[in-house]
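The values are calculated or read from the model by the stated rules, or taken from the named source; none is laboratory data. These numbers come from a predicted model, not from an experiment. Cβ: placed from backbone, ideal geometry, glycine included. Neighbour counts: every protein chain shown. Quick note on the areas: whole protein, heavy atoms, side chains included, nothing else; ligands and nucleic acids left out. Shrake-Rupley method; radii C 1.70, N 1.55, O 1.52, S 1.80 Å.
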Amino acid sequence: YQAYHEAARTQKPLQFESFSHIHQRWFGCRVYPAPDGLSIFFQDVTERRETRRRLEENEQRYRSLFEQNADAVFTFDLEGRFVDANPACETVSGYTPAELHGTHFLPLVVPEDRDRTLALNNQAVRGAAQHEEIALLHKSGRRVEVTITKVPIVVDGTIVGVYGIAK
């Protein structure tokens, strides 16, 4: 009611979504003013809203699994730079997720394990899940033995990065 009066008063088109209790559906409303009244178009957007709600819920579930995980969970881009890291990564490496972001993973690996872990990471980038036991260099300088699982991140059939879980 208020939107229709606003459109008529200002003579500017507007759009909004509104729930119809009679139909138990959400409608997208587009209101176009004219000198002699309004043209109003309705579109049922219930399914789109439900899809958006499910996507948001799934994102929250993923984020919770990622952030609350006791294991170090991280993602790399195709070049091996950190894109994301959960808080547990700081426990394992000594580096905060912000410090890791954009840095290459190789300097965190002890020198004697670097060639092997780089080769295994390259295999993950090509689509093969990898499991390895390596030693990391903690920010404090101490050595940390970890088991890492790396799997490719596939979006629309294309590998776009690598997920990793370190224990």
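Simple spin-label estimate for A8 and V83 gives 5.2 nm between the two label positions (7 Å along the Cα-to-Cβ direction from each Cα).
Heavy atoms of the protein chains alone define the surface here; on that basis the chain has 64 Å² accessible area per residue at 1.4 Å probe size.
Atom-type composition of the exposed protein surface of the chain places 54 percent of the accessible area on carbon and sulfur (1.4 angstrom probe).
The distance between label points at T149 and E112 comes to 2.7 nm (points 7 Å beyond Cα on the Cα→Cβ vector). Between N58 and F41, residue separation times 0.36 nm minus the direct Cα-Cα distance comes to 2.9 nm. Among (i) 51, 16, 11; (ii) 52, 16, 15; (iii) 25, 23, 20, find the value of semi-axes √(5λ) of the Cα gyration tensor in Å that was calculated from the structure presented, and write down its label. Label (ii) holds the value from this structure. Model label sites at Y1 and A119, defined 7 Å from Cα along the beta-carbon direction, differ in position by 7.5 nm.
If you plug the beta carbon distance of S20 and V160 into 1/(1 + (r/R0)^6) with R0 = 41 Å, you get a FRET efficiency near 0.50.
Here's the picture: a label point sits 7 Å out from the Cα of R48 along the beta-carbon direction, and within the stretch 1-22 the residues with their amide nitrogen under 18 Å of it are 13-20.
Averaged over residues, the count of other Cβ atoms within 10 Å places the peptides 54-60, 116-122, 40-46 in the sequence 116-122, 40-46, 54-60, highest first.
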